[in-house]
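The values are calculated or read from the model by the stated rules, or taken from the named source; none is laboratory data. Worth saying up front: this structure is predicted, and the values here are computed from it rather than measured. Cβ: placed from backbone, ideal geometry, glycine included. Neighbour counts: every protein chain shown.
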Amino acid sequence: MPGYTLPFEKPIIELEEKLKELESFSETQDIDVSLEIERMQEKIEETRRKVYSELTPWQKVQVARHPLRPYTSDYIEDIATDFVELHGDRLHADDRAIIGGMATIDSHRVMILGTQKGRDTKANLECNFGCAYPEGYRKALRLMKMANKFRIPIVTLIDTPGAFPGVESEERHIAEAIAVNLREMFTLSVPIIVAVIGEGGSGGALGIGVGDRILVLEHAYYSVISPEGCAAILWKDRAFADKASEALRLTANDLIEFGLADEVVPEPFGGAHANREEMSATLKKHLIKHLKAVSKISPDQLLQKRYEKFRAMGLFASGPEGKQKKPEPKAKEPETTQDEGESTQIPESEKQTKDKA
Amino acid sequence: MPFFGKRKYSTGKAKKRDIPDGMWLKCPACTEIIFKRELDAAFGVCPKCEHHFQIDRRMRISLLSEENSFQEWDTDLRSIDSLNFTGLEAYTTKLEENIKKTGEKDAVSCGEAMMGGHRIALGVMDFKFLGASMGSVVGEKITRMFERATEEKLPVLMSCTSGGARMYEGMLSLMQMAKTSGAIARHSQASLPYISLLTHPTMAGVMASFATLGDVIIAEPGALIGFAGARVIKETTQQDLPEGFQKAEFLLEHGLIDMVVPRNELKGEIVKLLDYMNGSSRDQGQ
């Protein structure tokens, strides 16, 4: 993947180049180096494994932004069948930064929607680099309300640097569009499964992010502000984005630790972009698992649980000085009757809300 | 050397001081010198040009509610440094500084108050405390207020000002947007009125949650109100910003808020709204 090499992927790329040399050598010289080639391939795999198991938060941000990472439309293509795209907010425009429509995942009818990035300049101009205008959020709400009307579960996929900061955005009230979505998503009594598949950019991500299950891909991130933006404010220099990434606790595991997400969806070694097929299959499996579990809950219960889920988010102290209130450790889901397929949940030790008293 | 050049007068190193009570200060809008005590008596409205100064929560509470009627709820909640956040300055240091500076525990006070015969739930944000940024405590207090108001069938008046979510609390602060909006959904479903008052400045995460969810949205004149900061918009789009961009009057013109009301008329206007929206429970209020 020339041109898209992340700095920390260098060792892998170097080995891959050596492998190529070996291969061409074996072809031209007619000497059997198959053993060496095999060893080199093993070494590449090992290095990839090592690099990707030790990613720093800032490196994860870069993986989440990788231009070859699968996007919403890729997942819809891979996971769903019979996708019927629906357009427009019925008010102003059809924002290509949020796409959505009805689809079938295995036997599940769903309304699937998500923020959409573009892989090349033309596509990026069309979808505004994944930064939605107010009409995007209003289209999303229109589709979600329709899903509620027809009792179809909702799946939202999040991958955006943030809502679009622009004059037109403000003139059409981007803040209100997001706020209304937040409020209304607490009133839709069909299951909502949220998956952060790449960048979870602040309010622009949360605007389609209220649900009964929040899944986060292993190298995706979800943050209150971009690491660069945070660095510019708190370090007075955008170059400190790596430090800010660490401080913001924006990785998938951090979200689990603070009780803000339910499950980490593992990525193939080398990240989602290294093996789209495998990534799509894994995501599909997880979505179906949660769709099945959540579909068993009655609509009233569902709304109550969704409320309680977000109600418990936040950490603060209360009572006499020195004592601290912690949110309840995440309640075990009683309704998850035997999931099908292997359990890919992360270890219990990582899942518990760490007591940081 | 220019003979008639402007002579440079040295004004020395006279430090800009925080002028203590009872001193004079300069209005940034009309540049007139005004007496601080006179300004306070007018709830921070310049007597010369009617520029609206930012005011703290205690002054805001006395502006809006009947004297001594405000009873604060959940006063024991305090912010903690859950992320062990250290930028150039540690979050804990920032918190200590702001607690010391304001004498308050965090950026919002919520409680109940009487207003024109109505018993209401009143939340007031205070820009003096860390730019009224929303962390877990702010989100929790506002959520609790809406929950209690729903239970006790009270209308809510929320006086907003904020720079946005509190970065020091990372995603915990972002999720307060969802949490508060959820509580508002329930309050709204109970057919209870919610009036949102936007004061200078109200931005970002607070705007994209409870601030814009009022049945009626009122703004103070000249208040800066928006989602993204002007600098970010300029850098991203390379656009020139229109005249008066993100000012209260701009929002009114674009149909984003219901009204712009000067501070000295606020209470009267809000009581009138409450009379309509909360009419039936007025008599029970006393």
Q. Under 6 Å by Cβ, and 6 or more places apart or on different chains, what pairs join a residue from the stretch A:109-130 that is touching a residue at least 24 places away in the same chain (Cβ under 8 Å) and under 28 Å from A:Ile152 (Cα atoms) with one that is of a type in the set (D, E, K, R) and surrounded by fewer than 23 Cβ atoms within 10 Å (Cβ to Cβ)?
A. A:Cys127/A:Arg96
Q) Name the residues in the stretch A:65-108 that are touching a residue at least 12 places away in the same chain (Cβ under 8 Å) and among the polar types (S, T, N, Q), would you? A) A:Thr72, A:Ser73, A:Thr81, A:Thr104
Q: Pull up the stretch B:229-256, narrow it to residues that are under 17 Å from the mean Cα position of the chain (by Cα), facing another protein chain (nearest Cβ under 9 Å) and surrounded by 21 or more Cβ atoms within 10 Å (Cβ to Cβ), then point me to the one that is nearest to A:Val224 (Cα to Cα).
A: B:Gln246
(Q) It is to be established whether one or more residues within the stretch A:69-85 are surrounded by 11 or more Cβ atoms within 10 Å (Cβ to Cβ), within 17 Å of A:Phe269 (Cα to Cα) and not hydroxyl-bearing (Ser, Thr, Tyr). (A) yes
**Q.** Some residue of the stretch A:41-49 being over 33 Å from the mean Cα position of the chain (by Cα) and over 27 Å from A:Leu287 (Cα atoms)
**A.** no
(Q) Among the listed residues B:Leu130, B:Leu83, B:Leu63, identify the single one that is touching a helix residue (DSSP H, G or I) at 6+ places or on another chain (Cβ under 8 Å), surrounded by fewer than 22 Cβ atoms within 10 Å (Cβ to Cβ) and not basic (Lys, Arg). (A) B:Leu63
Q) Within the stretch A:255-263, is there a residue that is assigned to a helix (DSSP H, G or I), in contact with a strand residue (DSSP E or B) (Cβ under 8 Å, 6 or more places away or on another chain) and buried (at least 19 other Cβ atoms within 10 Å of the Cβ)? A) yes
**Q.** Failed condition for A:Pro268, given (1) within 13 Å of another protein chain (Cβ to nearest Cβ); (2) at pLDDT below 95
**A.** (1)
Q | So A:Ile174, is it in contact with a Ser or Thr (Cβ under 8 Å, 6 or more places away or on another chain), closer than 27 Å to B:Met167 by Cα and among the β-branched types (Val, Ile, Thr) | A | no
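Just give me the residues in the stretch B:184-219 being more than 8 Å from every other protein chain (Cβ to nearest Cβ) and in a helix (DSSP H, G or I), in sequence order.
Result: B:His187, B:Val206.
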Q. Looking only at residues in the stretch A:187-209 that are of a type outside the set (A, V, I, L, M), at the interface with chain B (Cβ under 8 Å from one of its Cβ atoms) and crowded, with 24+ Cβ neighbours inside 10 Å, which one is nearest to A:Arg249 (Cα to Cα)?
A. A:Ser202
Q. Which members of the stretch B:147-183 meet the condition of being in a helix (DSSP H, G or I), more than 21 Å from A:Leu260 (Cβ to Cβ) and not small (Gly, Ala, Ser)?
A. B:Arg148, B:Thr150, B:Glu151
Q.
Checking the structure you have, find out if any residue of the stretch B:177-187 is among the polar types (S, T, N, Q) and farther than 27 Å from B:Cys49 by Cβ.
A. yes
Q | B:Leu130 within 14 Å of chain A (Cβ to nearest Cβ) and either over 27 Å from A:Leu188 (Cα atoms) or modelled with pLDDT under 95 (or both) | A | yes
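Hey, among the residues in the stretch A:146-174 that are in a helix (DSSP H, G or I) and within 14 Å of chain B (Cβ to nearest Cβ), which one's surrounded by the most Cβ atoms within 10 Å (Cβ to Cβ)?
So the first thing to find is which residues in the stretch A:146-174 are in a helix (DSSP H, G or I), and the list is A:146-149, A:167-171, A:174.
Among the residues that remain, those that are also within 14 Å of chain B (Cβ to nearest Cβ) are: A:148, A:167-171, A:174.
Details: A:Asn148: 20, A:Val167: 18, A:Glu168: 15, A:Ser169: 26, A:Glu170: 27, A:Glu171: 18, A:Ile174: 30.
Checking each candidate, the answer is A:Ile174.
Taking the stated definitions as given, is B:Gln239 within 25 Å of B:Ala208 (Cα to Cα), polar (S, T, N, Q) and modelled with pLDDT of 95 or more?
No; evaluated as a whole, the condition is false for this residue.
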Q: Of all residues in the stretch A:216-246, count the ones that are crowded, with 24+ Cβ neighbours inside 10 Å, more than 8 Å from chain B (Cβ to nearest Cβ) and closer than 30 Å to A:Leu291 by Cα.
A: 5
